[in-house]
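The structure under discussion appears below in the form of structure tokens.
Quick note: the coordinates plus some simple rules give every number you see, no bench work behind them. Values in this document were obtained by computation on a predicted structure and should not be read as measured data.
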Amino acid sequence: MPLTARLHEHGTLDATVDGLGCGLAWEAVYRVQPRLALACAQCGGPMHAKVSGRGGRFFAHDRRTTACAADGEAEEHRSLKRALAAAARQAGHQAQLEVSAAHGGWRADVLVTAAAGRLTALEAQLSSAPLDDVLARTRRYQDDGVGVVWFTHRAARWLDHVPAARAYRPAASAGPWSRLHPLVSRFNVEACAEVCDPSPFWHAPVHAGWSHGEERVLAEFVADVLHGRLVPRTITTAGATRYGGWAAPGDVEAAAEYAASSQAAPPAPA
């Protein structure tokens with residue numbers, strides 16, 4: 001009787017068997033005779049080990065099917081989802097791939113459950129997507145009280161319309177996804193005299209503003225977001241919300257307080 005290994009998370013061998021990463025090498029499943037029987041945990045269909053043109057190792061259904069969420073998905077997309085799930089688990093949270101709402105309104109690439117029960121969807125959007133589609137999907141999560149963060153390697157036009165992060169694309173389709181483009185900023189208030197020498201008479205007493213964004217490690221960023229150490233910077237005008245990267249809650253509060261105090265201050269004498 002052939003050994004059957006259940007596959008989950010779209011391409012990794014289930015840890016309940018002697019799977020890849022648990023004592024069984026890639027060479028033990030890739031092009032071996034007799035063939036090792038591999039089954040998809042999503043639909044139960046037979047699968048086999050493959051190597052992509054970019055050298056990525058993954059598992060594919062023997063026959064394409066539209067009934068299984070694991071089929072027809074690029075390895076690059078799968079590898080990003082695995083990286084996001086691993087980062088969430090490393091941060092101490094539960095993470096499941098391809099979870100649908102009971103009412104069918106959304107399907108999360110990675111659904112993270114915090115100890116307190118809060119849900120956050122981590123969406124890997126590597127293909128092009130219309131702005132309206134991303135906004136609609138975001139609203140469906142928000143309507144159910146589910147947080148959402150989008151990840152892409154593209155300079156997508158929706159990056160400043162939803163909570164999002166742009167990742168550097170890895171050289172191989174199987175990853176690793178490890179670094180993010182600059183996206184974390186800090187709010188600074190400095191005395192003009194410490195910045196300008198000499199200080200022009202027309203300058204305000206202080207200089208205040210956001211620093212340039214910083215690159216982040218993907219796993220650290222995910223942990224900081226899930227633990228509330230980073231929040232999206234937002235600007236709401238005419239009822240529309242725009243996003244300007246991420247910052248510590250204290251910096252967001254300091255910027256809001258500074259803006260409020262600046263508006264309340266009387267105009268400088270002529």
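The distance from the alpha carbon centre of region 225-248 to that of region 122-176 is 15 Å, rounded to a whole number. With all projection directions averaged, the alpha carbon convex hull of region 125-270 covers 12.1 nm². The mean sequence distance of close C-alpha pairs (under 8 Å, at least 6 residues apart), as a share of the length of region 119-270, puts its relative contact order at 18 percent.
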